[in-house]
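Chemist: If you scroll down you'll find the structure; I have some questions about it.
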Amino acid sequence: VVDRSSVAAGLEGDPLALGVIGILGLGSLASLVFAAIGFLVNTSIGISERLGELALLKALGLGPRQMAGWLAAESVVLLAVGLTLGTALGVVLAWLALPFATLTASGEPPVPAPEVVIPPDALLPTLVLAVLLVAATGLILRGLVPAARTSAVLRARDE
């Protein structure tokens, strides 16, 4: 006779399953950090490469606040699309891969088959990172946009 509660208790303490969950958790945190670094590098390089365009817009009368708002909105849209598509891809991959990656200590699929449950609080680190990225983007914009003198940038662009 197999008791369902004893099987469930045995699976909760299974080091193999806990190791897989831990590795997947560390991988997701590492991917968040690398995505954040890539986003910030892309933002700073993109602004630096477009200083000529920004100086021309500034010379045509676009104010620094309008320019920073425009660039911030551009970054926020890019971040929102990336978060939405990345989360959707992660959920699809979780539903496709996790049931087949979970095995018992003997290497057999567990009975009953695992269900993939994604708690809403699991998305909290991603949302916190998104807010931090928006704040960091604002700091980058505040540092790069006003630092470029319009006349010097336009002269350098012509040469």
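The values are calculated or read from the model by the stated rules, or taken from the named source; none is laboratory data. Computed from a predicted model, the values in this text were never measured in an experiment. Positions of Cβ are generated from backbone atoms using ideal geometry, with glycine treated the same way; all protein chains shown enter the neighbour counts. Side chains are part of the model used for accessible areas, which takes the heavy atoms of the whole protein and leaves out ligands, DNA and RNA. Shrake-Rupley method; radii C 1.70, N 1.55, O 1.52, S 1.80 Å.
Chemist: Any idea which of Ile47, Ile21 is of a type in the set (Val, Ile, Thr) and without any contact (Cβ under 8 Å) to a residue 40 or more places away in the chain?
Modeler: Ile21
Chemist: Is there a residue being modelled with pLDDT of 85 or more, part of a helix (DSSP H, G or I), open to solvent by less than 70 Å² (accessible area, probe 1.4 Å) and within 18 Å of Ser28 (Cβ to Cβ) anywhere in region 63-77?
Modeler: No.
Chemist: Would a scan of region 111-121 turn up a residue that is part of a helix (DSSP H, G or I) and at pLDDT 75 or above?
Modeler: The first filter runs over region 111-121 and keeps only residues part of a helix (DSSP H, G or I), leaving 120-121.
If we keep only those that are at pLDDT 75 or above too, we end up with 120-121.
Yes.
Chemist: Taking region 123-159 as the region of interest, how many residues are modelled with pLDDT under 80 and loosely packed, with under 14 Cβ neighbours inside 10 Å?
Modeler: Looking only at that region, the number is 12.
Chemist: Evaluate region 38-46: report whether one residue or more is at pLDDT below 85, assigned to a helix (DSSP H, G or I) and among the aromatic types (Phe, Trp, Tyr).
Modeler: The answer is no; no qualifying residue exists.
Chemist: Determine whether Val41 is open to solvent by less than 80 Å² (accessible area, probe 1.4 Å), out of contact with any strand residue (DSSP E or B) (no Cβ under 6 Å at 6 or more places or on another chain) and of a type outside the set (Phe, Trp, Tyr).
Modeler: So Val41 fits the description; yes.
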